[in-house]
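Below is one structure, written out as structure tokens; the observations come after it.
The values are calculated or read from the model by the stated rules, or taken from the named source; none is laboratory data. The structure presented is a predicted model; accordingly, all values stated were derived computationally and were not measured. Neighbour counts are summed over all protein chains in view; Cβ atoms, including those assigned to glycine, are modelled from backbone coordinates with ideal geometry.
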Amino acid sequence: MAIHRVLTPADYRRTPWKNGGGRTTEIAVGPPDAGLADFAWRVSVADVEQDGAFSVFPGVARTLVLLAGDGMRLTGVGEPLEVHAPFEPVTFAGDAPVTCALTNGPVRDFNLMVRRDVHRGDVIIVRERAEALGFAGVYVCYAARGTCECLIANHPPIALAEEHSLLVECDQARAQAGMQVSPVSANAIAVVAVIGLA
């Protein structure tokens with residue numbers, strides 16, 4: 001069985017970064033209403049307006065996707081990470097003291113964070129054609145550009161307008177569940193966080 005909810009930008013929670021260096025827009029978090037110190041997983045969009053340090057999250061795996069802007073360079077995670085291509089996921093450990101240097105002005109990025117001892121997480125980019133996603137405990141589909149459509153078992157199609165999201169939480173015991181995401185409008189792109197048990 002899957003429980004789903006369409007989220008509009010009015011449903012998102014805007015909070016300061018953990019280190020106070022910027023602001024983040026939280027789309028969804030597990031468990032509900034968890035804070036930055038006690039979430040199991042968290043999906044958000046951040047506006048990075050200046051160079052500086054990222055917040056440190058011990059025990060957390062992070063995946064970042066550039067949504068807008070010319071990109072940035074992340075140092076402190078071994079080899080520097082060049083984040084310049086939009087809609088290409090980049091992963092790194094939240095334990096590291098990462099510093100960001102903007103390439104040419106502010107950027108906006110999509111973030112998935114999961115506690116490594118509880119969950120595993122992937123970010124799937126859906127564009128041009130429909131994508132069938134295998135079973136997971138939680139899906140968060142964010143319509144980053146244009147309109148997309150989501151199909152889940154025993155429900156009519158769910159259309160998402162730009163910057164709206166679909167949160168789907170599945171019964172972990174029912175491995176036959178899944179979801180399909182399809183771009184609807186021209187040049188539509190959906191960013192989907194797929195979260196399962198570790």
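General remarks:
- Strands (runs of 3 or more DSSP E) wholly inside segment 57-176 that include at least 1 residues being farther than 28 Å from Gly20 by Cβ: 119-127, 131-133, 138-145, 148-152, 158-160, 165-170
- Any chance Leu167 is closer than 23 Å to Gly30 by Cβ and in contact with a Phe, Trp or Tyr (Cβ under 8 Å, 6 or more places away or on another chain): yes
- Qualifying residue in segment 135-153 (condition: out of contact with any helix residue (DSSP H, G or I) (no Cβ under 8 Å at 6 or more places or on another chain), among the charged types (D, E, K, R), at pLDDT 95 or above and crowded, with 17+ Cβ neighbours inside 10 Å): yes
- Pick from segment 18-35, criterion without any contact (Cβ under 8 Å) to a residue 60 or more places away in the chain and under 20 Å from Val123 (Cα atoms), ranking: surrounded by the most Cβ atoms within 10 Å (Cβ to Cβ): Val29
- Within segment 1-16, being more than 16 Å from the chain's Cα centre (by Cα) and either part of a loop (DSSP other than H, G, I, E, B) or of a type in the set (A, V, I, L, M) (or both) holds for Met1, Ala2, Ile3, Ala10.
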